[in-house]
Amino acid sequence: METLFVALAVGGLIATLNGLRPLRLAPLRVPSFFVGWLTAELAPQLLVLHALVVAGFAVAHATTAAGLAWAAVTAAGLVKMIVDAQRAESVLDEALEDGLRDALPPKPDVSRTWPQLLVPFWMRHPDVVRVKNLSYGPYGRRNRLDVYHHKDKANLANAPVLVQIHGGGWVIGNKDQQGRPLMLHLAARGWVCVSINYRLSPRAKFPDHLVDVKRAIAWTRQHAPEFGGDPDFVVVTGGSAGGHLTAMAALTGNDKEYQPGFEDADTSVQGAVPYYGVYDMTNELGTRYGRQRLRSLVERMVFQARIDDDRTLFERGSPLLRAAIPTEVPPFFVIHGHSDTLVPVEEAREFVKALRSVSSEPVVYAELPGAQHAFDVFPSLRVTHVVRAVERFLAAIHRAQART
């Protein structure tokens, strides 16, 4: 029993230290992300479980001094993660106040959100209806989407609309896996939310992914009134590769290059909220990880071309460089985790800098302390604050459009 206690104490300590300071070495980057992500977002639940396990071994007189010391450090680390998650509230508030100033609406009520933290993987809302697997294009299940709306659809009229774009490195993922805390929150408050699939690499290559996103936006504008949505107010959001596509969709509204066969459709959007997005597809920042991603993923799988042979293709598909092309830029709310090991936070910082140099619209940026990649997949203490902040941002730009 004492050996088991020591083993559990060591395992918990390693997971906690990785959550606080995730490993960034190439061979360990993905497992470090996965363990760190779950540990950071489930820190309150893990702290309770940790206390119960230690108490159980103590009652059984199966502890050791070294094991108890390691367990104490683990508990302190989990507390630090909880504090970091709570700090997201002030970071987000300050970002919104700086970016929106007098246009910032009051904080929404999230009292019904807190019980969700007890069962974070059970994502349902009694007031939300989900209409599944509607077709928006010719590519089978990769061109299907789900619509989330309030159960009292008959009372919806000109509701604002959000389109959610999943991540997965452009090669995996589907519409069921990301953004659900935000969509359920907004749909329960009268929004219409659309979660889309799109073609994946290597069967598809860029810009196929973006073409599908724009086709889904065109479908949403056409069909939004059927669900009570306003076709004149559509915003996009998504994480990771979905963050890249979110930024690209916002920066290429009505660009006929990416609308083959539906060139005249309106694919502009009124706002964009990319989470932990990939913004540097050409490794302009010159990082080691950016070079590895370019060679192993972006060239081989996503673009299926060499940047040395067609640099223009890569530049036009990179939000960091695309932001410099003269165009109408909608309001942006860029959110990134400071501890992200899969997409370095420097990309978000540089992208925001590029946007602010050209845009007359608000560009809000929040860098969340202690947050890993994919922090928004399921409800957590941090996600509760993020969802509320995103709602405030969207409410502000929606109100601003209504006044024009």
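The values are calculated or read from the model by the stated rules, or taken from the named source; none is laboratory data. All figures in this text were calculated on a predicted structure; none of them were measured in a lab. Every residue, glycine among them, receives a Cβ derived from its backbone with ideal geometry; neighbour counts consider all protein chains shown.
Put simply, of Leu104, Leu100, Leu78 the only residue that is among the aliphatic types (A, V, I, L, M), touching a His at 6+ places or on another chain (Cβ under 7 Å) and at negative phi is Leu78. Considering the conditions (1) closer than 26 Å to Val343 by Cα; (2) crowded, with 16+ Cβ neighbours inside 10 Å, Arg203 is excluded by exactly one of them, (2). Being modelled with pLDDT of 95 or more, surrounded by fewer than 24 Cβ atoms within 10 Å (Cβ to Cβ) and in contact with a strand residue (DSSP E or B) (Cβ under 6 Å, 6 or more places away or on another chain) narrows it down to one residue among Pro330, Pro369; which is it? The match here is Pro330.
Restricting attention to segment 232-259, the residues being of a type in the set (S, T, N, Q) and either touching a Cys at 6+ places or on another chain (Cβ under 8 Å) or at negative phi (or both) number 4. Of all residues in segment 333-373, those being among the aromatic types (Phe, Trp, Tyr) and closer than 20 Å to Glu315 by Cβ number 1. Listed by first and then second residue, the pairs with beta-carbon distance under 7 Å, at least 6 apart or on different chains, first residue in segment 255-271 and in the same structural domain as Pro138 (by TED's automatic domain parsing), second acidic (Asp, Glu) and surrounded by fewer than 15 Cβ atoms within 10 Å (Cβ to Cβ), are Lys256/Glu263.
Of the residues making up segment 10-31, those that are surrounded by 16 or more Cβ atoms within 10 Å (Cβ to Cβ) and under 17 Å from Val377 (Cβ atoms) are Gly19, Pro22.
Figure legend. Inter-residue proximity from segment 67-81: first residues more than 12 Å from Gly19 (Cα to Cα), second residues of a type in the set (A, V, I, L, M) and crowded, with 24+ Cβ neighbours inside 10 Å, beta-carbon distance below 6 Å, spacing 6+ or different chains. Indicated pairs: Gly67/Ala9; Trp70/Ala9; Ala71/Ala9.
For residues in segment 372-404 being of a type in the set (Gly, Ala, Ser) and in contact (Cβ under 8 Å) with a residue 40 or more places away in the chain, which is surrounded by the fewest Cβ atoms within 10 Å (Cβ to Cβ)? Going through the qualifying residues, I end up with Ala400. Put simply, of Val119, Val129, Val91, Val110 the only residue that is at pLDDT 95 or above and surrounded by fewer than 17 Cβ atoms within 10 Å (Cβ to Cβ) is Val129. Screening segment 348-366 for residues that are among the small types (Gly, Ala, Ser) and at pLDDT below 95 and picking the one that is nearest to Gly242 (Cα to Cα) gives Ser359.
Among residues of segment 16-34 being touching a helix residue (DSSP H, G or I) at 6+ places or on another chain (Cβ under 6 Å) and in a loop (DSSP other than H, G, I, E, B), the one that is modelled with the lowest pLDDT is Leu23.
Residue count for segment 361-399 under the criterion of being within 13 Å of Val91 (Cα to Cα) and not β-branched (Val, Ile, Thr): the result is 11.
Within segment 172-219, the residues that satisfy the criterion of being among the β-branched types (Val, Ile, Thr) and over 17 Å from Val129 (Cα atoms) are Ile172, Val211, Val213, Ile217.
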